[in-house]
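> Below you will find the structure I want to go over with you.
Values quoted throughout were computed directly from the atomic coordinates according to the rules given, and no laboratory measurement underlies them. Please read all numbers here as calculations on a predicted model, not as lab measurements. Every residue, glycine among them, receives a Cβ derived from its backbone with ideal geometry; neighbour counts consider all protein chains shown.
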């Protein structure tokens with residue numbers, strides 16, 4: 001037969017529609033045979049239990065139950081007869097539990113009987129043998145009287161007699177005159193824990209403001225060695241709970257829940273759940289409702305250790321305990337603005353060293369500022385912050401993902417960062433907050449945030465040198481009043497390009513800091529993420545042609561509709577500062593196209609909307625004594 005193994009399930013269970021499927025050999029197996037009941041007759045007490053090894057229900061209506069001789073029965077239930085995924089179904093000679101010894105028979109067969117010495121049980125679908133077991137008279141298979149024959153593990157080859165045993169003497173059912181486990185986990189089952197060996201489990205994050213639960217599923221445990229769950233609470237927690245605060249739902253009745261330890265480094269709290277009523281019971285959900293009551297200074301990890309019984313003869317290829325699963329529990333979210341607050345006169349955050357949780361949107365995704373590990377930026381409604389770790393695969397994180405993230409607060413050369421511990425994605429394709437500022441605004445208030453600065457130029461005499469053409473580097477930009485550093489990270493696509501920018505330009509990027517000298521209040525820079533953050537196409541063309549302009553005017557853009565570029569013409573009766581802002585239909589400013597002094601005359605500016613989605617937009621020209629707005633339509 002097929003050698004199948006189950007998998008460990010850890011986490012919340014969702015609702016999934018699983019439909020009946022056609023079977024392959026080994027999908028349904030014979031798991032238990034009662035061929036020689038005692039006290040009651042064979043005609044009443046014989047049964048065969050079958051097991052579904054797959055994760056979908058299988059309909060056995062129309063299948064044939066037969067042996068190699070003349071016994072044959074075609075299953076005719078008159079309706080679908082489904083074996084549930086990972087579940088059992090009992091076929092019996094008599095479905096009347098008042099006379100068959102108390103067996104709950106799912107389907108009653110005829111013209112098929114089980115020999116007390118040797119016989120075969122064959123399941124066939126449309127001429128294909130799905131499973132076949134041939135037992136003997138005790139030579140290799142058990143030969144019990146009043147006890148069923150049970151397969152030691154559903155992961156074992158059921159054609160071998162050594163993999164079968166008589167039911168345990170304590171495994172009574174019904175009237176108690178016979179021994180067996182019809183429709184349930186076999187009493188002889190030994191541990192073959194799902195995912196035997198090192199379990200690979202995704203990080204699980206839970207909030208402390210609701211009861212949390214984990215579901216642990218496994219094949220079975222040895223009848224003499226019951227399973228155990230241990231929840232280890234690290235010493236960083238100050239827990240006021242007790243055993244009554246931990247509940248077990250949907251699992252084993254009468255299980256014991258105890259708490260050990262004093263919460264210290266040497267003796268962390270350990271919650272133990274054990275005491276199985278029946279071998280093979282599903283542990284169900286452990287709800288730790290006490291997590292609503294502890295004094296939570298910081299988030300910490302819970303190590304959930306899962307172990308089943310002995311592994312002798314289990315049929316597991318590499319029998320060893322399943323390793324612990326790291327489950328992070330956090331006490332609400334911290335505002336990034338609070339993380340960015342520095343100690344007065346110092347470099348470190350007031351929350352330095354704290355482990356905490358935030359909920360924020362990814363503004364710089366993995367791979368932009370670092371080719372491996374994690375060097376991203378996230379932003380909530382209060383601010384932005386860097387998240388860092390040296391190694392790991394985070395390819396599932398994308399710009400615009402809203403995430404719950406747990407990290408410890410750290411300072412690196414003046415830059416506040418969260419050292420990564422765990423995350424989960426809440427939603428995707430979220431808008432990213434970007435603030436329009438001036439060069440003079442660059443400083444601690446905007447560290448970690450994505451900003452937009454319009455109308456900047458290079459500093460010809462910059463000590464940092466000209467634009468870094470390849471390989472990254474730094475230069476200086478100015479808006480005519482203030483000067484700032486622009487840093488091109490060597491891992492960005494900008495560093496790999498060889499274009500020569502034409503200033504003036506509009507620039508977006510992250511405000512970063514590198515200042516190791518206390519009080520760490522200088523050396524800020526703006527770091528563009530990619531070429532799209534560098535808009536060097538904003539040039540204003542003089543189109544007066546000698547005509548003296550006497551009035552302000554703003555013309556309709558042309559072409560309109562457009563894709564993706566259009567021309568906007570305007571006239572000025574005198575030299576003045578001009579701002580042209582772009583708004584969406586909600587009245588939200590999308591970007592500033594122009595923000596600087598322009599000479600008298602008629603001018604034309606090109607608007608490139610390659611980074612905007614289709615729709616209606618408004619452009620507004622503002623001077624000290626003139627404001628006008630017009631509508632345009634972008635069709636991609």
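> Which semi-axes, in whole Å and largest first, does the equivalent ellipsoid of the stretch 28-166 have when worked out from the alpha carbon gyration tensor as the square roots of 5 times its eigenvalues?
21, 18, 15
> Could you give me the percent of Cα pairs per 5 Å distance bin for the stretch 487-636, shortest bin first, beginning at zero and ending with the bin that holds the maximum distance?
Per 5 Å bin, starting at 0, the Cα pair percentages come out as 2, 8, 16, 18, 16, 14, 11, 7, 4, 2, 1, 0.
> With N set to the residue count of the stretch 435-533, report its C-alpha Rg divided by 2.2 N^0.38 Å to two decimal places.
In units of the 2.2 N^0.38 Å rule of thumb, it is 1.01.
> So what's the stretch 378-458 giving for Rg/Rh, alpha carbon basis, Kirkwood Rh from the mean inverse pair distance? Write out the running numbers ahead of the final one.
Numbers: Rg = 14.4 Å, Rh = 14.4 Å.
We get a ratio of 1.00 for the stretch 378-458.
> Further question on the same structure: FRET efficiency for residue 79 and residue 39, Cβ-Cβ distance as r, R0 = 35 Å, nearest 0.05?
The calculated FRET efficiency here is 0.60.
> Taking the beta-carbon count within 10 Å as an exposure proxy, list 69, 335, 375 from fewest neighbours to most.
By the 10 Å Cβ count, ascending: 69, 335, 375.
> Follow-up question, since we're still on this one. Modelling each spin label as a point 7 Å along the Cα-to-Cβ direction, I'd like the residue 586/residue 145 distance in nm, to one decimal.
Between residue 586 and residue 145, the simple spin-label model gives 8.2 nm.
> So, in nm, how far is label residue 402 from label residue 626 when the simple model puts each one 7 Å beyond its Cα toward the Cβ?
4.3 nm
> To continue, here is another question. Counting other C-beta atoms within 10 Å, which of 571, 395, 462, 153 has the fewest, and how do the rest follow? Before the final figure, lay out the partial values.
On the way: 571 19, 395 9, 462 16, 153 23.
Exposure proxy ranking, most exposed first: 395, 462, 571, 153.
> I've got another one for you. Enumerate the whole-percent occupancy of each 5 Å bin, from 0 to the last occupied one, for all C-alpha pair distances of the stretch 553-634.
In whole percents, the pair-distance histogram is 3, 15, 29, 26, 15, 9, 2, 0.
> Another question, if that's okay. May I ask you to compute the full-extension gain from residue 108 to residue 636, defined as 0.36 nm times their residue separation minus their alpha-carbon distance, rounded to one decimal in nm? Provide the component values of the computation, followed by the final result.
Details: separation 528, 0.36 × 528 = 190.08 nm, distance 6.64 nm.
Stretched fully, the residue 108-residue 636 segment lengthens by 183.4 nm.
> May I ask you to derive the relative contact order of the stretch 435-533, considering only C-alpha pairs under 8 Å and at least 6 residues apart, and to give it as an integer percent?
30 percent.
> Highest mean first, what order results for 362-370, 160-168, 597-605 on Cβ atoms within 10 Å? List each step's numbers first, then the result.
Numbers: 362-370: 20.9, 160-168: 19.0, 597-605: 16.7.
So the order, starting with the most tightly packed, is 362-370, 160-168, 597-605.
> Please give the contour-minus-distance gain from residue 61 to residue 337: 0.36 nm per residue of separation, less the Cα-Cα distance, rounded to one decimal in nm.
Answer, rounded to one decimal: 93.0 nm.
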